[in-house]
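The values are calculated or read from the model by the stated rules, or taken from the named source; none is laboratory data. What you see is a predicted model; the values in this text were computed from it and never measured. Using ideal geometry, Cβ is built from the backbone for each residue, glycine included, and neighbour counts are taken over all protein chains shown. These accessible areas exclude ligands, DNA and RNA; they are computed on the full protein's heavy atoms, side chains included. Shrake-Rupley method; radii C 1.70, N 1.55, O 1.52, S 1.80 Å.
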Amino acid sequence: MTTSLYRRWTACTMTALLLSGTAAAQSPGTLLVGGFGQWTHYDKSWNLDNSNLGIGFRFGAYIAPNWNIEGDGSYTSASSKSGTRFLNSPSSASGGNVKASALSTRIVYTTPAAANRPSVHFGGGAVLESFRDSSGSAATYQFGFNGLAGINVALSGLVLRADAFGNYLPSADGRFDFGLQAGFQFSPEVPVLFGGGPRTRTVIAAPVVWWDSLDTPLPGTLELGGFLQYTRFDDSAGRQGANPKNGIGFGVRAGVFLLDPRWEIEWDGYYAGKDNNVPFGGGFNPTAAPTEVNAHAVAMRLNYNDALDVPGGHLGQFIVGVGGVRTSYKFVGGTGKGSVSDTFAYNYGVSGLLGARVGISNRTALRFDGVLDYMPNSQPSGTLNIILRGGVSWMLGGARSQAVAPPPPG
């Protein structure tokens, strides 16, 4: 009798914890997917009209009950102020002559909240802001810091989220852009999306080892890593007369394993400072040709991890991933007429990854990847960059699965 009541009480308590209000959405490994509308006030030094509305999307995952990592991207069709020029693009009465975008990655803390009560969150991280004129011939981008604060309101199956944000850009003479955004987000279970059943949620954030019985990391595990890479740049990478040489670069990554830890959402970025691979600017004015083409890219992918037998008894995983990438180039040098020194080009595309992770201790692994980045809209033709990477990953946090025992019949 006592055992039966205890089991019933335990089942009811765990079910309430996992399904109530914001608690279910905060289990380590929970995926966040959302979209939003945005209003941005740009620093007056940009000479942009500040009646700017845009749209954006967001992906993230919880690493602990009240902490998540997320990345978002936004696009705004802006206009230069009347009588001014931005990136050599004249003002337009119809507006929309400047294409503005931003990519942000941050860590967010959400305050605990009772069921059916709003919660408040605060976050901070990095941002990459970009501007391009309507012709696509001139572009600029800058790195900086991003911060936001907002509120979540749980609805039926959705969360209404509103934020105030600010971007401080030390690489653009300390300019400060700020604004408001609001939209909806939800937490799909990846296996269900691909035809599988729901997974057991996790409730204990106290793992002892990296690999669990399925030879996979624990839900909510954070993967942090660095890598060296060799890049074979496409002949159309950069711009006409200014293509980067093939060679070595370096980068960093961060990923979160989801409720089904075979799936991981991951962000990474690299930098490769290279000489111009086109002799004398490809027939253009030799003194105007840039001497360097510095490349970098940021990407976000959804990875599938499967157990891999590694010689020597090491635990390992085979990795397949796909997502989006934004590749950027800065042109340096060149002094003659028509010089493009200190100008920029960037493109968006698709990134695919094949890799392997080899555990060398409880929380350390070697990571090897091959990456294809394809940018269909680059000029004068689509660009396919081929990348080989090797590095080290460190695994932090995570939560073991705990099944909820069903009550006995009767």
Per the filter on region 315-338, residues surrounded by 14 or more Cβ atoms within 10 Å (Cβ to Cβ), at pLDDT below 95 and among the β-branched types (V, I, T) are T327, V332
Going through region 141-157 in order, the residues found to be of a type outside the set (S, T, N, Q) and modelled with pLDDT under 90 are Y141, A154, L155, G157
Pairing a residue in region 216-237 that is at positive phi with any residue that is part of a loop (DSSP other than H, G, I, E, B) and of a type in the set (A, V, I, L, M, F, W, C), where Cβ atoms lie under 6 Å and the two sit 6 or more apart in sequence or on different chains, gives G220/A399
Restricted to region 94-140 and to residues being under 15 Å from S80 (Cα atoms) and among the charged types (D, E, K, R), the residue modelled with the highest pLDDT is K99
Of S378, S361, the only residue that is touching a strand residue (DSSP E or B) at 6+ places or on another chain (Cβ under 6 Å) and either on the phi > 0 side of the Ramachandran plot or not basic (K, R) (or both) is S378
Based on this model, can you work out whether L259 counts as surrounded by fewer than 19 Cβ atoms within 10 Å (Cβ to Cβ) and farther than 21 Å from I386 by Cα? no
Reported set for region 362-392 where residues are at pLDDT 95 or above and among the small types (G, A, S) is G370, G390, G391
Across (1) at pLDDT below 85; (2) in a strand (DSSP E or B), G312 clears everything bar (2)
Over region 228-246, the set of residues modelled with pLDDT of 90 or more and open to solvent by 10 Å² or more (accessible area, probe 1.4 Å) is L228, Y230, R232, D234, K245, N246
Going through (1) out of contact with any Lys or Arg (no Cβ under 7 Å at 6 or more places or on another chain); (2) surrounded by fewer than 17 Cβ atoms within 10 Å (Cβ to Cβ); (3) in a strand (DSSP E or B) one by one, G124 fails only at (1)
Fill in: Hey, F176 of a type in the set (A, V, I, L, M, F, W, C), surrounded by 18 or more Cβ atoms within 10 Å (Cβ to Cβ) and in a strand (DSSP E or B) or not
no
Flagged in region 182-227 as at pLDDT 90 or above and touching a Lys or Arg at 6+ places or on another chain (Cβ under 6 Å), in numbering order, are Q185, G225, F227
Within region 354-387, restricting to residues that are in contact with a Gly (Cβ under 6 Å, 6 or more places away or on another chain) and either free of Cβ contacts under 8 Å to residues at least 12 places away in the same chain or loosely packed, with under 14 Cβ neighbours inside 10 Å (or both), the one that is nearest to P28 (Cα to Cα) is L354
Expected output for region 30-53 (first residue farther than 30 Å from R301 by Cβ, partner buried (at least 20 other Cβ atoms within 10 Å of the Cβ) and among the aromatic types (F, W, Y), Cβ below 8 Å, 6+ apart or cross-chain) is W46/F86; W46/F131; N47/F86; L48/Y42; L48/F86; N50/Y42
Taking region 80-93 and keeping residues at pLDDT 75 or above and open to solvent by less than 20 Å² (accessible area, probe 1.4 Å) leaves S80
ask   = Quick check: is even one residue across region 35-53 buried (at least 19 other Cβ atoms within 10 Å of the Cβ), modelled with pLDDT of 95 or more and assigned to a strand (DSSP E or B)?
value = yes
